[in-house]
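Structure first, then comments.
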Amino acid sequence: MPRPRKLLLIVLIAPLVLLTASLTAFRVASAWRESRTGAEAAPATGHFISAAGLQIFIQESGPSNGPAVFLVHGTGAWSDIWQETMAALAGAGYHAIAIDLPPFGFSERPSPASYSDSAQAARINAVLDALNLESVTLVGHSIGARPTVEAALARPGRFRLLVLVDAALDPKEVPDQGRPGILARAVLSPRWVRTPLVAATATNPLLTRRLYQKLIFDPADATDAQVAMVQRQFQVRGTTAAVGDWIAEIALGTSPARNQRRSSYAVLTMPSCLIWGREDSVTPLPRGQALAELLPHATLAVLEKTGHIPAVEDAPAFNTALLGFLASHQPESLTGQAGLQP
């Protein structure tokens, strides 16, 4: 082979070889790190409950006879992200329940993988069935708002109040049902391709802080404690592969859920509150304003100098907004119950 052609071949192949080697190293590191079962790794602050054929990890706080507030986290988080909110709710007399929605946190992952909004909504309602809870306030953050709304659409009579926090929702008159692009399908369809990519990015502890900072307004709010909290789930066996399965289903799914249709929201007649960070660059404020107009009985609370995760970035302001909404819609029959504050 002539020398120039050989050099060109080396120039073209070398980066591919380096990329492959790097991704392989990240995948090996994730497999080594993910060595414990969910039950072994889960904190003692919560417990598992059998629901929808899985062992689902939840955390509870506050009086068991208090009005129930069910909290659903967003991408990459788990129930502990609601820690300060649960303490505030418990202190006000509410029964706070936070779920680890698979594949995040310590809950068992479904096999075969199933992470559509309807499947996740069924898990939310199954946990509430197992806890024998009705007249629930349902709170969903970010992409967790999608199964949150889907659960409310499936059982609207169960939910007394609905709270959406910087929700990753953008319903249309006619949802886009187009096929994903060729590149997305090439990268995400084969598990052997997507899993190493997830190992190098989403579940890579070296990137946790940087990814977290992209979601919030003040980078200093990505404290060591918050970063360690997010990373705790990375020790659970099969996390990287499961997150890859979830990403693939979210990105490649072509059957729009009901939460993607504007017409669906007419049945959500319960009082609703949208809590939004003014500086959110992930789901900008105009989305919250549009959702507030779409829901029949909605209010919008905007938090200043706050990005996509207000419950962490400004917990006092977030908790004030949430508790204020709950108190303004508290039935008189429950006032004074178990220390409940009006």
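The values are calculated or read from the model by the stated rules, or taken from the named source; none is laboratory data. All figures in this text were calculated on a predicted structure; none of them were measured in a lab. Note that each Cβ is placed from the backbone with ideal geometry, even for glycine, and that neighbours are counted across all protein chains shown. Only protein heavy atoms, including side chains, enter the accessible area calculation; ligands, DNA and RNA are left aside. Shrake-Rupley method; radii C 1.70, N 1.55, O 1.52, S 1.80 Å.
Can you tell me which residue in segment 252-279 is most open to solvent (accessible area, probe 1.4 Å), limited to those that are of a type in the set (Lys, Arg) and assigned to a helix (DSSP H, G or I)?
Looking at residues that are of a type in the set (Lys, Arg) and assigned to a helix (DSSP H, G or I), I get ARG258.
I'm trying to understand the selection: among the residues of segment 185-238, which are modelled with pLDDT under 95 and among the aromatic types (Phe, Trp, Tyr)?
The answer is TRP192, and nothing else.
Does any residue of segment 244-251 turn out to be open to solvent by 10 Å² or more (accessible area, probe 1.4 Å) and free of Cβ contacts under 8 Å to residues at least 60 places away in the same chain?
Within segment 244-251, one or more residues are open to solvent by 10 Å² or more (accessible area, probe 1.4 Å) and free of Cβ contacts under 8 Å to residues at least 60 places away in the same chain.
Checking the structure you have, find out if any residue of segment 163-170 is over 21 Å from PRO103 (Cα atoms) and open to solvent by 10 Å² or more (accessible area, probe 1.4 Å).
Yes, some residue in segment 163-170 is over 21 Å from PRO103 (Cα atoms) and open to solvent by 10 Å² or more (accessible area, probe 1.4 Å).
Within segment 171-184, take every residue that is open to solvent by less than 90 Å² (accessible area, probe 1.4 Å) and at pLDDT below 80 and give me the one that is farthest from ALA248 (Cα to Cα).
The residue in question is PRO175.
Out of ALA317, ALA327, report the one residue that is touching a strand residue (DSSP E or B) at 6+ places or on another chain (Cβ under 6 Å), assigned to a helix (DSSP H, G or I), in contact (Cβ under 8 Å) with a residue 12 or more places away in the chain and open to solvent by 20 Å² or more (accessible area, probe 1.4 Å).
After ruling out the rest, the residue left standing is ALA317.
Limited to segment 97-122, what total is found for residues that are over 14 Å from TRP246 (Cα atoms) and surrounded by fewer than 24 Cβ atoms within 10 Å (Cβ to Cβ)?
Qualifying residue count, segment 97-122: 1.
Do we have PHE217 as touching a Ser or Thr at 6+ places or on another chain (Cβ under 9 Å) and not in a helix (DSSP H, G or I) here?
It is true that PHE217 is touching a Ser or Thr at 6+ places or on another chain (Cβ under 9 Å) and not in a helix (DSSP H, G or I).
Those residues that are part of a loop (DSSP other than H, G, I, E, B) and surrounded by 24 or more Cβ atoms within 10 Å (Cβ to Cβ), I need them from segment 68-78; list them, please.
HIS73, GLY74, ALA77, TRP78
Restricting to segment 188-213, and then to whatever is surrounded by 17 or more Cβ atoms within 10 Å (Cβ to Cβ) and hydrophobic (A, V, I, L, M, F, W, C), can you tell me which residue is farthest from ARG33 (Cα to Cα)?
Across segment 188-213, the extreme among qualifying residues is LEU188.
Does any residue of segment 214-236 turn out to be surrounded by 14 or more Cβ atoms within 10 Å (Cβ to Cβ) and hydroxyl-bearing (Ser, Thr, Tyr)?
No, segment 214-236 contains no residue that is surrounded by 14 or more Cβ atoms within 10 Å (Cβ to Cβ) and hydroxyl-bearing (Ser, Thr, Tyr).
Within segment 79-95, identify whether any single residue is open to solvent by less than 10 Å² (accessible area, probe 1.4 Å), of a type in the set (Phe, Trp, Tyr) and assigned to a strand (DSSP E or B), and answer yes or no.
No: segment 79-95 contains no residue that is open to solvent by less than 10 Å² (accessible area, probe 1.4 Å), of a type in the set (Phe, Trp, Tyr) and assigned to a strand (DSSP E or B).
Right, PRO296: under 19 Å from the mean Cα position of the chain (by Cα), assigned to a loop (DSSP other than H, G, I, E, B) and surrounded by fewer than 17 Cβ atoms within 10 Å (Cβ to Cβ) or not?
Answer is no for this residue.
Any residue in segment 34-63 that is within 19 Å of ILE81 (Cβ to Cβ) and open to solvent by 70 Å² or more (accessible area, probe 1.4 Å) sitting within a Cβ distance under 6 Å of a residue that is of a type outside the set (S, T, N, Q) and assigned to a loop (DSSP other than H, G, I, E, B)? List the pairs, counting only those 6 or more apart or interchain.
Filtered contacts from segment 34-63: no entries.
Which of the residues spanning segment 96-114 are within 21 Å of ALA42 (Cα to Cα) and of a type outside the set (A, V, I, L, M, F, W, C)?
Residues satisfying the conditions are ASP100, PRO102, PRO103, GLY105, SER107, GLU108, ARG109, PRO110, SER111.
Check segment 131-142 and report whether any residue there is over 14 Å from the mean Cα position of the chain (by Cα) and buried (at least 21 other Cβ atoms within 10 Å of the Cβ).
The answer is yes; a qualifying residue exists.
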